[in-house]
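Here is the structure we will look at.
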Amino acid sequence: MNFDFTDEQQMLRKTARQFVDEEIMPHIQRWDAEGGFDQAIWKKLADLGFMGVCIPEQYGGSGMDYNSLAILCEELERGDTAFRTAVSVHIGLNSMSILQWGTEEQKQKYLVPQAKGEKVGAFGLTEPGAGSDVAAMATTAVRDGDDYIINGQKTWISLCDIADHFLVFAYTDKSKKHHGISAFIVERSTPGFSSKAIKGKYGIRAGNTGELFFEDMRVPAANLLGEEGEGFKIAMASLDNGRFTVAAGAVGLIMACLEESVNYCHDRETFGKPIGKHQLVQQMIANMEAGYQMSRLLVYRAGELKNKGVRNTRETSLAKWQACDFANKAADDAFQIHGAYGYSDEYPVARFLRNSKAPVIYEGTREIHTIMQAEYVLGYREDKKLSHMLPGWPFE
Ligand SMILES: Cc1cc2nc3c(=O)[nH]c(=O)nc-3n(C[C@H](O)[C@H](O)[C@H](O)COP(=O)(O)OP(=O)(O)OC[C@H]3O[C@@H](n4cnc5c(N)ncnc54)[C@H](O)[C@@H]3O)c2cc1C
């Protein structure tokens, strides 16, 4: 067991923190209010090698380990959840899935430009009638010669109007239920594809989230990821990576809550002393610290298993569930510590609280992870080795 960060990881954290302080912090309250961030940020993320941080160098990435991805997510979410969500879908749910399941041709065509940050990837699983219950999806893909014709709709898709490539899930054989779902790489430019943002979101307002529509959309059979019928497995394996980034981001949000709360505790005085001297305020600070320390250990443990190239569905689910719950509570407490001032946009804590809610819902709700953990302990659920495992680190 080694709890030390490498020099490279420390450098990554320093660079990411500086990036957030200089490029995100000065603008984020305005971006959150306006409902979108400056798209020039993508180029800056790419120039720093962040868009492919844990993708092997041979595929255009920076070749760092999976805990480096966690460090990046922590630091980005310290700035705002919208940026970590973007990295979650681009790297965790899309690029890492192509790395894990893609053919060499697919990797060259899609993974390389994504890892270099020339193209942005996203993930389309959820539908109006299918969230936690993935198999309730209605989107279909029918084979026609060398193509599949896809019809259907997705909703709540992060980067719906921004991404160039989408990993899309559809039924190729509904009679087979879970085993009849397949995964496709879809380009935005495909005729029959359209997208539309959802307005009036509670949180992650600087981010883009919305619907995808597929109308007789012809996708080459060469864009099938994995085998026909492997889509459900691919979706769940993708979530192992996405959830890891969400958990790491939650650690960053707790960090941000602590930072703001500690500053405020020293500045604000009531009854003749700084509020940090009141024990009930200290209790909220102590709970944040406990949540922060426990969550990061769960995240790095899951990252270490990824580095070893072994399955980590159980550990990642636990990290995601706990870290997001702790972050939601930390944001609520940070808001409380700020009293009425937390209620305005003079301080970022109201944004933290709004942002902390979606991660408790997406990539497996709190309830779904609770059930998963109980099932593991009770012996009702067991993970088997997948036909395609995420490559361990160091990469060969
Ligand atoms: C900001 C945001 C971004 C998102 N980005 C993406 C994205 O990029 N790609 C994508 O595919 N999806 C995305 N999603 C969708 C997200 O993954 C789904 O919202 C999530 O899976 C839950 O599905 P649902 O909202 O349909 O809730 P439902 O599944 O309808 O659940 C409703 C409630 O019932 C509970 N529930 C459901 N089943 C059970 C059960 N068996 N036992 C106990 N309780 C249960 C749930 O926990 C929840 O409380 C995003 C969502 C948000 C909010």
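The values are calculated or read from the model by the stated rules, or taken from the named source; none is laboratory data. Keep in mind the model is a prediction, meaning the values are calculated, not measured. As a convention, Cβ positions derive from the backbone with ideal geometry for all residues, glycine included, and neighbour counts pool all protein chains shown.
So the values come out like this:
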quantity	calculated
Sole residue being under 25 Å from P391 (Cα atoms) and modelled with pLDDT of 95 or more, chosen from G291, G272, G276, G364	G364
Per-region count, region 341-367, residues near the ligand (Cβ under 9 Å from one of its atoms), in a helix (DSSP H, G or I) and either surrounded by fewer than 16 Cβ atoms within 10 Å (Cβ to Cβ) or among the basic types (K, R) (or both)	3
Residue check for C257: crowded, with 24+ Cβ neighbours inside 10 Å, over 18 Å from the mean Cα position of the chain (by Cα) and not hydroxyl-bearing (S, T, Y)	yes
Residue ranges of helices (runs of 4 or more DSSP H) in region 70-158 with at least 3 members in contact with a Gly (Cβ under 6 Å, 6 or more places away or on another chain) and touching a residue at least 40 places away in the same chain (Cβ under 8 Å)	81-87, 112-115
Any hit, region 234-256, residues being out of contact with any helix residue (DSSP H, G or I) (no Cβ under 7 Å at 6 or more places or on another chain) and more than 30 Å from H179 (Cβ to Cβ)	no
Residue tally, condition within 10 Å of the ligand (Cβ to nearest atom) and in a loop (DSSP other than H, G, I, E, B), over region 159-204	8
Test for G124: is it under 11 Å from L212 (Cβ atoms), touching a strand residue (DSSP E or B) at 6+ places or on another chain (Cβ under 8 Å) and either more than 8 Å from the ligand (Cβ to nearest atom) or polar (S, T, N, Q) (or both)	no
Condition check for S194: polar (S, T, N, Q) and over 22 Å from R143 (Cβ atoms)	yes
First in region 34-46 and without any contact (Cβ under 8 Å) to a residue 24 or more places away in the chain and within 11 Å of E23 (Cβ to Cβ), second anywhere and surrounded by 14 or more Cβ atoms within 10 Å (Cβ to Cβ) and of a type outside the set (D, E), Cβ under 8 Å, 6 or more apart	D38/H27; D38/W31
Residue check, E211 outside any helix (DSSP H, G or I) and of a type in the set (D, E, K, R)	yes
Given (1) within 19 Å of the chain's Cα centre (by Cα); (2) within 16 Å of the ligand (Cβ to nearest atom), index of the condition N312 fails	(2)
Output for region 121-157, where each listed residue is of a type in the set (D, E, K, R) and within 26 Å of the chain's Cα centre (by Cα)	E127, D133, K154
Single residue of A235, A222, A250 found to be in contact with a Pro (Cβ under 7 Å, 6 or more places away or on another chain) and in a helix (DSSP H, G or I)	A250
Selection count where residues are of a type in the set (A, V, I, L, M, F, W, C), within 12 Å of M217 (Cβ to Cβ) and surrounded by fewer than 16 Cβ atoms within 10 Å (Cβ to Cβ), scope region 129-173	1
